[in-house]
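Student: Below are the structure tokens for one structure; questions will follow.
The values are calculated or read from the model by the stated rules, or taken from the named source; none is laboratory data. Note that the structure is predicted; figures quoted are calculated from it, not measured. Every residue, glycine among them, receives a Cβ derived from its backbone with ideal geometry; neighbour counts consider all protein chains shown.
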Amino acid sequence: MALQRTFTIPLIVACALFMEQMDSTVISTSLPVLAIDIAVDPISLKLALTSYLVSLAVFIPISGWMADRFGALTIFRSAICVFMLGSILCGVSQSLPEFVAARFFQGIGGAMMVPVGRLVILRSVDKANLVKALSYLTIPAMFGPVLGPPLGGFITTYFHWRWIFFINIPISILGLYLATRFIANARAESVAPLDWVGFLLSALGCSLVMMGLATAGRHLVSGDISLVCVVLGSLSLVAYVWHARRTEHPLIDLKLLKIETLQAGVGGGSLFRLGIGAIPFLLPLMLQLGFGFSAFHSGLLTCASAAGAMFMKTIAAKFLKRYGFRRVMIVNGICGVLSLAAIGLFTPATPYAVILIVLLIGGCFRSLQFTSLNAISYADVDSNRLSQATSIASVAQQLSVGMGVVLGGFALQMSNHLQGHATLVSQDFWPAFLTVAVAASFSIPMLMRLPPDAGAELAGRGPAKASAT
């Protein structure tokens, strides 16, 4: 039974995470060709990435409530079905609005699929084995980013980009079978009423702000409409904060952010992901449009980062046990920022071996940081509040990654404009990578505020710390 909780269940959830990760990396590699096929500016395709992330941010907060109310297995299987249908809709899209809408619908499935699966693990595994269980979860899932870029590049180069969405069908069917066989349909004994007002305010706030920022530059709507979206979205988020402080059962309990480790994991993690989230958008564009590589060639280089990340997952627990969360996250975070900035130094003359080594080592740094941030967030959260904590961490993660895409796209657009280039060229990319690296560096001061013994129980370095209530 202990083996099933620590090993089998994480691997089943990893099936869903594998599908989601592979899907996003496959799309990133195909963006330049996809832009030509549907006749849009490549930078405007940041809408395709952000619409999916907006959908995650909107629906993740109710995923925990739905799992408690209807059962984890019921929601997990339903989410896989929605994700599969969304993939099919993406594959048959004929225009940018259709593709963006299909990605948003696909995101509804992703919003339920991965967070509910993570919640199952958090409730099934004791804290002493949590880091190990999360590593089991992410090792198979990392095959998605490893296989995604070369697979997406191969399909795009030698077949058609539409076929990349149909590979989710057999994976979804496998996930449905494994979930049905091994995951119990556990429900909470008592479930608070859903905060519909909070849901509407947070949904409007997240979606309007993200879409307003993503459409800035008149890629899909006018600048005035983008500005109105940002203003209305910001007001909705402010209204949600006011509402959450005055309702008994808020959709997202912001009071949990008083927990020091959760605050560091969410705040520091969001800033770090803000920079790293731009990589899947900027790197394929640089390699293909800036350096002239084919989609397949670009994919082969891009997967080096994921290969490094997958390797690091196997030894992350040993680093944390020896050095502790705080020291690892500070030193490794600095290395991760520097590796991100180093990508901007690539030129068409840079040897392939150098590109591979930088991406491989950078993937190791980013992987260790994400594993540490994901684990430390739940170090001091008691079991009956894990659903809320998971929602907070997941929403912050998706919004920060989406903002990274927006920031990277804006920096690339400004660099291209200020340098007076008619199309994207290799010189346009280094300012964009420098910008997102600076953004990621702001995570370090937040992590430095953690006490030296933060997450000692998770790292296996000391006795359990009393959970926050």
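Student: Tally the residues that are surrounded by fewer than 22 Cβ atoms within 10 Å (Cβ to Cβ) and assigned to a helix (DSSP H, G or I), restricting the search to the stretch 412-421.
Tutor: 6
Student: Among (1) of a type in the set (D, E, K, R); (2) modelled with pLDDT of 75 or more; (3) crowded, with 22+ Cβ neighbours inside 10 Å, there is one condition Lys46 misses while meeting the rest; what is its number?
Tutor: (2)
Student: Report, ordered by the first and then the second residue, all pairs with beta carbons closer than 7 Å, sequence separation of six or more or different chains, a first member in the stretch 29-45 that is without any contact (Cβ under 8 Å) to a residue 60 or more places away in the chain, and a second member that is of a type in the set (Ser, Thr, Tyr) and surrounded by 20 or more Cβ atoms within 10 Å (Cβ to Cβ).
Tutor: Here the result reads none, with nothing in the stretch 29-45 linked to a residue that is of a type in the set (Ser, Thr, Tyr) and surrounded by 20 or more Cβ atoms within 10 Å (Cβ to Cβ).
Student: Answer with yes or no whether Thr247 is more than 30 Å from Gly362 (Cβ to Cβ) and out of contact with any Leu (no Cβ under 6 Å at 6 or more places or on another chain). Spell out the reasoning first.
Tutor: Values: more than 30 Å from Gly362 (Cβ to Cβ): yes; out of contact with any Leu (no Cβ under 6 Å at 6 or more places or on another chain): yes.
Against the criterion (more than 30 Å from Gly362 (Cβ to Cβ) and out of contact with any Leu (no Cβ under 6 Å at 6 or more places or on another chain)), Thr247 qualifies.
Student: Considering (1) within 20 Å of Ser394 (Cβ to Cβ); (2) in a loop (DSSP other than H, G, I, E, B), say which one Gly292 fails and leave the rest.
Tutor: Among (1) within 20 Å of Ser394 (Cβ to Cβ); (2) in a loop (DSSP other than H, G, I, E, B), the lone unmet condition for Gly292 is (1).
Student: Right, another one. Which ones in the stretch 253-293 are buried (at least 22 other Cβ atoms within 10 Å of the Cβ) and either among the basic types (Lys, Arg) or over 20 Å from Ala342 (Cβ atoms) (or both)?
Tutor: Hits for the stretch 253-293 are Ile259, Thr261, Leu262, Ala264, Gly265, Val266, Gly268, Gly269, Ser270, Arg273.
Student: Return the total of residues in the stretch 347-370 being surrounded by fewer than 23 Cβ atoms within 10 Å (Cβ to Cβ) and either of a type in the set (A, V, I, L, M, F, W, C) or closer than 17 Å to Leu447 by Cβ (or both).
Tutor: Going through the stretch 347-370, the residues surrounded by fewer than 23 Cβ atoms within 10 Å (Cβ to Cβ) turn out to be 347-358, 360-361, 370.
So of that shortlist, the ones also either of a type in the set (A, V, I, L, M, F, W, C) or closer than 17 Å to Leu447 by Cβ (or both) come out as 349, 353-358, 360-361, 370.
Residues flagged as surrounded by fewer than 23 Cβ atoms within 10 Å (Cβ to Cβ) and either of a type in the set (A, V, I, L, M, F, W, C) or closer than 17 Å to Leu447 by Cβ (or both) within the stretch 347-370 amount to 10.
Student: Look through the stretch 52-85, keep the residues that are surrounded by fewer than 24 Cβ atoms within 10 Å (Cβ to Cβ) and among the polar types (S, T, N, Q), and return whichever of them is farthest from the chain's Cα centre (by Cα).
Tutor: Thr74
Student: Let me ask something else. Within the bounds of the stretch 446-467, is there any residue that is closer than 24 Å to Thr347 by Cβ, in the same structural domain as Ala67 (by TED's automatic domain parsing), crowded, with 22+ Cβ neighbours inside 10 Å and modelled with pLDDT of 85 or more?
Tutor: Quick first cut of the stretch 446-467, residues closer than 24 Å to Thr347 by Cβ only: none.
No.
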